[in-house]
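K.L.:
Sharing a structure here in structure tokens format.
The values are calculated or read from the model by the stated rules, or taken from the named source; none is laboratory data. For clarity, every value in this text was computed on a predicted model and none was experimentally measured. For neighbour counting, all protein chains shown are included, and Cβ atoms are generated from backbone atoms with ideal geometry for every residue, glycine included.
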Amino acid sequence: MKASPELLNPEPGKWVLQGQVGFENAESLAAALDIEGVQSCSIDLQEANGGVALLLVLLSWCRQARAAQRPLRFLNASDSLLRLVVLSDLESLLPFEQNGKPAEFKVSLDT
């Protein structure tokens with residue numbers, strides 16, 4: 001059994017998503033991000049898994065940040081998540097960064 005997801009907030013404006021995101025927990029996880037009172041948001045995805053359910057949560061967080069007029073960045077996304085983003089043609093909507101720079105979507109859909 002995979003670990004339930006947790007959204008940790010180690011310091012203002014910075015979160016770490018850990019665990020397996022599934023359809024059964026996506027809605028509550030989407031609501032867990034509280035950006036009130038922060039100037040910008042970054043969410044580290046290095047320890048997160050979840051495919052389409054995770055993608056839905058990220059899109060929800062983007063809408064929330066956009067509505068609050070807060071910049072949002074997703075850090076350290078897995079190759080499998082980036083492939084899903086490319087396959088879904090969502091590169092322009094989701095602000096991914098790798099190594100401090102905007103992610104380059106040179107992901108092959110053949111693998």
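K.L.:
Which number in (1) at pLDDT below 95; (2) loosely packed, with under 14 Cβ neighbours inside 10 Å marks the one condition that Phe23 misses?
P.N.:
(1)
K.L.:
On the given criteria, is Leu55 in contact with a helix residue (DSSP H, G or I) (Cβ under 7 Å, 6 or more places away or on another chain), buried (at least 18 other Cβ atoms within 10 Å of the Cβ) and modelled with pLDDT under 95? Before you say what the answer is, go through the steps one by one.
P.N.:
Details: in contact with a helix residue (DSSP H, G or I) (Cβ under 7 Å, 6 or more places away or on another chain): yes; buried (at least 18 other Cβ atoms within 10 Å of the Cβ): yes; modelled with pLDDT under 95: no.
No: the conditions fail for Leu55.
K.L.:
Follow-up question, since we're still on this one. Considering only residues of the range 83-111 that are modelled with pLDDT of 80 or more and among the hydroxyl-bearing types (Ser, Thr, Tyr), which is surrounded by the most Cβ atoms within 10 Å (Cβ to Cβ)?
P.N.:
Ser88
K.L.:
Take the range 1-25 and flag every residue that is at negative phi and assigned to a strand (DSSP E or B).
P.N.:
Glu6, Leu7, Leu8, Asn9, Pro10, Glu11, Lys14, Trp15, Val16, Leu17, Gln18, Gln20
K.L.:
Here's something else I'd like to know. Filter the range 67-103 down to the residues that are touching a residue at least 12 places away in the same chain (Cβ under 8 Å) and either part of a helix (DSSP H, G or I) or of a type in the set (Asp, Glu) (or both) and list them by number.
P.N.:
Asp79, Ser80, Leu81, Leu82, Arg83, Leu84, Val85, Val86, Leu87, Glu91, Glu97
K.L.:
Only one of (1) in contact with a helix residue (DSSP H, G or I) (Cβ under 9 Å, 6 or more places away or on another chain); (2) assigned to a helix (DSSP H, G or I); (3) surrounded by fewer than 14 Cβ atoms within 10 Å (Cβ to Cβ); (4) not charged (D, E, K, R) fails for Ser28. Which number is that?
P.N.:
(1)
K.L.:
Going through the range 31-56 one residue at a time, which ones are in a helix (DSSP H, G or I) and either in contact (Cβ under 8 Å) with a residue 40 or more places away in the chain or under 26 Å from Leu87 (Cα atoms) (or both)?
P.N.:
Ala31, Gly51, Val52, Ala53, Leu54, Leu55, Leu56
K.L.:
Sticking with this structure for a sec: Can you tell me how many residues in the range 58-82 are closer than 14 Å to Glu27 by Cβ, surrounded by fewer than 20 Cβ atoms within 10 Å (Cβ to Cβ) and either of a type outside the set (Lys, Arg) or touching a Gly at 6+ places or on another chain (Cβ under 7 Å) (or both)? So that I can check it myself, show each step before the final result.
P.N.:
To start, the set of residues in the range 58-82 that are closer than 14 Å to Glu27 by Cβ comprises 58-61, 63-64.
Remaining after also requiring surrounded by fewer than 20 Cβ atoms within 10 Å (Cβ to Cβ): 59-60, 63-64.
Okay, now just the ones that are also either of a type outside the set (Lys, Arg) or touching a Gly at 6+ places or on another chain (Cβ under 7 Å) (or both), so 59-60, 64.
So the count comes out to 3.
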